[in-house]
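The values are calculated or read from the model by the stated rules, or taken from the named source; none is laboratory data. Only a predicted model underlies this, so the values are computations on that prediction, with no experimental measurement involved. Virtual Cβ from ideal backbone geometry, glycine too; neighbours counted across all protein chains shown. With ligands, DNA and RNA removed, areas are computed over all heavy atoms of the protein, side chains included. Shrake-Rupley method; radii C 1.70, N 1.55, O 1.52, S 1.80 Å.
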Amino acid sequence: MSIVLAHRLKGCHALLELALRDERARLRPDERTLATIKKKKLVIKDKLMLFDDGRTTSSSH
């Protein structure tokens with residue numbers, strides 16, 4: 001994964017965090033929407049972890 005893609009993923013993760021905050025601030029947050037946003041955040045976080053693991057492994061060789 002390129003550094004550019006990692007930065008884009010971090011930006012998407014931040015936007016999802018804002019969406020999560022906005023949804024929670026609603027009078028009646030939609031639980032399905034909250035769950036969807038959380039799942040998307042986890043997918044991005046997993047991809048970023050793989051990227052970080054790859055960078056750590058390749059830099060230690």
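Relative contact order (percent) for the stretch 1-50, with alpha-carbon contacts under 8 angstrom and 6 or more residues of separation? Let's see the in-between values first.
Values: 22 pairs, mean separation 23.5, N = 50.
It rounds to 47 percent for the stretch 1-50.
Of the listed peptides 12-18, 23-29, what is their order by residue-averaged count of other C-beta atoms within 10 Å, with the highest listed first?
Working: 12-18: 14.3, 23-29: 9.4.
For the peptides 12-18, 23-29, the packing ranking is 12-18, 23-29.
On the accessible surface of the chain, probed at 1.4 Å, how many percent belong to carbon and sulfur atoms?
58
To the nearest 20 debye, what charge dipole does the chain have about its Cα centre, counting +1 at the Cβ of each Lys and Arg and -1 at the Cβ of each Asp and Glu?
Details: 14 positive and 8 negative charges, 36 e Å.
Dipole of the chain, to the nearest 20 debye: 180 debye.
Applying 1/(1 + (r/R0)^6) with R0 = 25 Å to the Cβ-Cβ distance of Leu18 and Met49, what FRET efficiency is obtained, to the nearest 0.05? Present the calculation step by step, with values, prior to reporting the outcome.
Values: r = 21 Å, r/R0 = 0.85.
The pair Leu18/Met49 has a calculated efficiency of 0.70.
Just want the answer: with Cβ charges of +1 for Lys and Arg and -1 for Asp and Glu, which residue in Met49, Leu27, His13 is farthest toward the dipole's positive end in the chain?
In the chain, that residue is Leu27.
Please work out the average accessible area per residue across the chain, using the 1.4 Å probe convention, and give it in Å².
Numbers: 5050 Å² over 61 residues.
With all protein chains present, the chain gives 83 Å² per residue.
Per-residue ellipticity at 222 nm for the chain, helices alone: DSSP H runs ≥ 4 residues times -39500 (n - 2.57), over residue total, nearest 500 deg cm²/dmol? Each step should come with its number before you reach the end.
Numbers: 2 runs with 52 residues, N = 61.
Calculated at 222 nm, the ellipticity per residue is -30500 deg cm²/dmol.
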